[in-house]
Amino acid sequence: MQLNIKKSIEKLQGLISVYSTESEAQKEALMHTISKNRNWTFLQLNTYHDLLQFMSAHPQSLQQWMHIEKELKQITQYLSSNRSKLDPAYTDSGLPFTTMNTRFSHDILLWAMNSGVCTITLDHFEKGASDLNTLLNVTLPSVERAETTAGLSNEELLQVLGIQPNSRLRFLLREFTTLNDKPLVKDLLWECMKVWVFIYSKKNSFSRTYNRMPVRKIFMHHEILKKFDHEKLLHKQLPAPSKLSSKQRCHLVSVIKSSLLLTMRETDTATYMDESTLRFYTLERGIAIAIYGMKAERQLPLQSYIGYTLFKNGYPAAYGGSWVFGKSAQFGLNIFETYRGGESGYMLCQLLRVYKQIFKLSSIEIDAYQFGRDNMDGIRSGAFWFYYRYGFLPISKSLQTLALKEHNNIRSINGYRTPEKTLIQFTDSNMVLKFEKAIPLSYGAVYKKISKWIQSKYRADRVLAIEKSTEQFLHIAKTTLQYDAAERDGGNEMALMCHAMGWKRKKEVDLLLQIIRAKPRDPYCYNDLLIELFEMDHT
């Protein structure tokens, strides 16, 4: 029986991207055969589950989709009935009613605990971690700090403080919230504690299987789309963002954050999301894209780090972000393993379409890591050609010439493959996709100019540079503006940029004042204002 199940799963795997009347019937028959299994190994069940998810995201018919849902429900019932005796291999799988044993940042754990999407308990402190005496000395009320100087072990200290074992993680999470006004300090101290946790899935909703957005109409596939007019798609007008109720918005946030938790990942944009910036675009072929900025205290200098989650028929299928600065941006793509081999190029172009149009970009750059620098998977998969196909070119002119030569070889020589050595050579340069001939002002260029100005004007004294440039900026602006906490960092950044770039006219300074107010609250308005500033006549 086990051999038959293994062969059936392998056959289904071979048909996963085949779309025809015959293949649909074969898939149906294979699902019927596989579903009779009552003695799963982890590898079999996990592989079958992921194949079902891929097919659910790319169904051929409503009948097939309903059959897939039935199969996923059967897997869920099996896991629920056997949760107490599951093989340890199920740990960290993200399947229903399984357990994760891992480490995450303070903020995402606090969110998960407060939102109730799962149950989290303290497991252990990793060997070599800073002891709680050192860490809690920073957070405890002053009247209790003496307890941290008695040389107690972590266990003894928690007992003395009256913290019950089942409350210890919640206690630690709550303690560290006292450092919310010093987020980088909080992150560093939490990391030093090296706390491992157990995350339990008590509801099937907290699983890779059911962590998804509801879809009004499932998109049915007649093929896995590989060839399309990508330039036409990039310029196709975006629809308005979907109007979400507070309940829908809350669910969307939960799905985005949970999609990373369940796959043992974490991104700053998801963890520190500013929910007021969340936008959701419903696009073609069952694709929807959520984009979102970060809370003011977590924002990057000058740039806007805008995260995304791409959904395919409701499933989170890809995640990442873009570092936006005026009309230029850097971009990163990550497709969850389950959905690789699908419409990857189409998903990439839909994401580029969103960022290009929302932020009025004229160039998008990708880091060489995405196609192989310090990333052998990118070399082996020939990821360079994936991006090249959709218009990205090496920034280096010599590598552009080499790429053209290699591309001609691929087209003219049957069976030709670019040598690994050449693919590695391509990683000497990032790649860029240009929508306009003019080269936009980049973050790197501005950053270097500010740094050089500080060194030459203030002998590398950063504190003095910020103090004097802010003072002079406010004098030029003829205002006694007092920044609030959210505006302070942005105000310092803009003052430095103002002087380093030599912007002293009233219209430039007035625009910078608007930029300072917009940056912590509205990344879309902020970037529009930056573009207006950069395109202003500075002569």
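The values are calculated or read from the model by the stated rules, or taken from the named source; none is laboratory data. The shown structure was predicted, so the numbers you read here are calculated from the model rather than taken from an experiment. Don't worry about glycine lacking a Cβ; one is built from the backbone with ideal geometry, like all the others, and counts go over all protein chains shown. Remember, those area values only see protein heavy atoms, side chains included, never the ligands or the DNA or RNA. Shrake-Rupley method; radii C 1.70, N 1.55, O 1.52, S 1.80 Å.
Observations on the structure shown:
- Number of the exception - MET113 against (1) in contact (Cβ under 8 Å) with a residue 60 or more places away in the chain; (2) under 24 Å from ARG265 (Cβ atoms); (3) open to solvent by less than 20 Å² (accessible area, probe 1.4 Å): (3)
- Scope the range 52-75; condition farther than 15 Å from GLU24 by Cα, polar (S, T, N, Q) and open to solvent by 10 Å² or more (accessible area, probe 1.4 Å); matching residues: GLN74
- The residues on offer are LEU496, LEU464, LEU511, and the sole one that is touching a helix residue (DSSP H, G or I) at 6+ places or on another chain (Cβ under 6 Å), part of a helix (DSSP H, G or I) and free of Cβ contacts under 8 Å to residues at least 24 places away in the same chain is LEU464.
- Condition met for PHE384 (within 20 Å of GLU231 (Cα to Cα), buried (at least 18 other Cβ atoms within 10 Å of the Cβ) and among the aromatic types (Phe, Trp, Tyr)): yes
- Which listed residue, of SER322, SER328, is surrounded by 22 or more Cβ atoms within 10 Å (Cβ to Cβ) and in contact with a helix residue (DSSP H, G or I) (Cβ under 6 Å, 6 or more places away or on another chain): SER322
- Residues being at pLDDT below 95 and of a type in the set (Gly, Ala, Ser) - total across the range 81-104: 2
- Looking across LEU189, LEU225, LEU233, one residue alone is part of a helix (DSSP H, G or I), farther than 30 Å from ALA485 by Cα and among the aliphatic types (A, V, I, L, M). It is LEU233.
- Top-ranked residue in the range 299-312 [being open to solvent by 30 Å² or more (accessible area, probe 1.4 Å) and outside any strand (DSSP E or B); ranked as farthest from ARG249 (Cα to Cα)]: PRO301
- When residues in the range 103-132 are screened for being farther than 21 Å from SER153 by Cα and either part of a helix (DSSP H, G or I) or in contact with a His (Cβ under 6 Å, 6 or more places away or on another chain) (or both), 10 of them pass.
- Evaluated against (1) in a helix (DSSP H, G or I); (2) more than 26 Å from GLY326 (Cα to Cα); (3) open to solvent by 20 Å² or more (accessible area, probe 1.4 Å), ILE379 falls short on exactly one condition, (3).
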